[in-house]
Amino acid sequence: MRLLEVENLGLGFGGAGILRGVSFGVGPGERVALVGESGCGKSMTLHALTRLPPTDAANVTGEVRFMGAPLRGPHPRISYVFQDPMASLDPVMRIGRQLREACVEPGEGRAARDARIAETLRAVDLRDPDAVMRSFPCELSGGMCQRAMIAMALLRNPALLVADEPTTALDATTQADVMALLGRVVRERGMALLLATHNITLVAGMCDTVNVFYAGQIVESGPAREVAGNPLHPYTRGLMAAVPRISGRRAADLRDIPGEVPSPAEIEAECRRDGGWACAFRPRCAFAEPGCGAALAPRRLGGRTVVCKNKPLEVS
Ligand SMILES: Nc1ncnc2c1ncn2[C@@H]1O[C@H](COP(=O)(O)OP(=O)(O)OP(=O)(O)O)[C@@H](O)[C@H]1O
Ligand SMILES: [Mg+2]
């Protein structure tokens, strides 16, 4: 049984929809990424799982199940790590007190709790737990605060850790370190990870499965290495090309895909069909053909799913 199942999730604020037909799952201990450019709906999807603001005020359709039961609000076995650690930590409370408040193991004595906190801080590479616990957030670097946030999420002993762009507020080297750390600690603890990020190459190294979003919809999903190594959807190809290469050469910017991401109102007007949605990427797609204006169904190609009609997109 899957730990988390998201089935046909739709979300809108009043008029036009922001998410359409979003379906994916997370297995126990599996590391799953949601990838796509700014505004594609990654955060809305993650927030909608437990109806965090602003999705508590949205029209949400579809079904979310967690540990076999419908999920309609916060769950003690789901922890979140958000983008900006400074905004998530209480600035006037020492880190130690914030970590103690995150410990909810019933019947855990003070000494056992403090030992567990120290062990968890060391696990996230904060090597002087006592000093960290005595500190206020402003006394730590951004990278240290984000490690403390990850420790806080781990202390709740979740079955699923949800991380929304956990490293974008950090400098590039710290980003890579914190990302690698996140992948490592969830694996060591047997926790599942659901991670939203722009960076598809980063995901290939640390996640099992990736779901690529374009304009509120999943356009491609499958094993992360396969999707990153041989992207099938034309949008995923553009996204791969937009990531700066570690080798130094700056690859094409995503703006090099002609056109712009359509607004929810444009998608509503141009893509709604009886029985589904036409491809929202077709105005920008070099492979577009007349059939792309009809309702698209996901195609299965090996272990992968691609929402695209294109013939050239076969697994090579
Ligand atoms: N409070 C809100 N009310 C209405 N629409 C919103 C609200 N917040 C975000 N949106 C819209 O929802 C869409 C999806 O936004 P979301 O924040 O999920 O994108 P994202 O993929 O997380 O982007 P980023 O990479 O920038 O974090 C966007 O078009 C955005 O304009
Ligand atoms: Mg976001």
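Read-outs throughout are calculated quantities, based only on the coordinates presented, and are distinct from any laboratory measurement. Here the structure is a predicted model, which means the values were calculated and not measured. Note: ideal-geometry Cβ built from the backbone for every residue, glycine included; neighbour counts use all protein chains shown.
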### Summary
Calc'd 3J(HN,Hα), the stretch 152-164, phi into Karplus 6.51 cos²θ - 1.76 cosθ + 1.60 (θ = phi - 60°), Hz, glycine/Pro = x, comes to 4, 5, 5, 5, 6, 6, x, 7, 9, 9, 9, 10, 10
### FRET efficiency estimate (nearest 0.05) - Cβ-Cβ, SER141 to ALA286, R0 30 angstrom
0.10
### Task
Starting from the alpha-carbon convex hull of the chain, give the projected area averaged over all orientations, in nm².
17.4 nm²
## Note on the structure
When the chain is treated as a Gaussian network with springs between alpha carbons less than 10 Å apart, the largest mean-square fluctuation among ASP125, ASP171, ASP114 is found at ASP171
### Task
For the stretch 220-237, just list the computed ³J(HN,Hα) in residue order, Karplus coefficients 6.51, -1.76 and 1.60, θ = phi - 60°, integers in Hz, with x standing in for Gly and Pro.
7, 8, x, x, 4, 5, 5, 5, 6, x, 8, x, 9, 6, x, 5, 4, 4
### Message
Starting from the 7 Å offset along Cα-to-Cβ, what nm value, one decimal, do you get for the label separation of ARG134 and ARG187?
### Response
3.6 nm
### Ranking of HIS198, HIS233 by count of other Cβ atoms within 10 Å, fewest first
HIS198, HIS233
### Point-to-point label distance, ARG94-ALA176, nm (Cα→Cβ direction, 7 Å offset)
3.6 nm
### Query
Suppose R0 equals 35 Å; then what is the FRET efficiency for ARG77 and ALA297 from their Cβ-Cβ distance, rounded to the nearest 0.05?
0.55
### Query
Counting Lys and Arg as +1 and Asp and Glu as -1, what is the net charge of the other residues whose Cβ lies under 10 Å from the Cβ of VAL261?
-2
### Task
Averaging sequence separations of C-alpha pairs under 8 Å and six or more residues apart, then dividing by the length of the chain, give the relative contact order as a whole percent.
20 percent
### Query
Counting Lys and Arg as +1 and Asp and Glu as -1, what is the net charge of the other residues whose Cβ lies under 11 Å from the Cβ of VAL203?
+1
### Task
Would you mind calculating the gained length between ALA111 and ASP125 on full extension (0.36 nm times residue separation, minus the Cα-Cα distance), in nm to one decimal?
2.9 nm
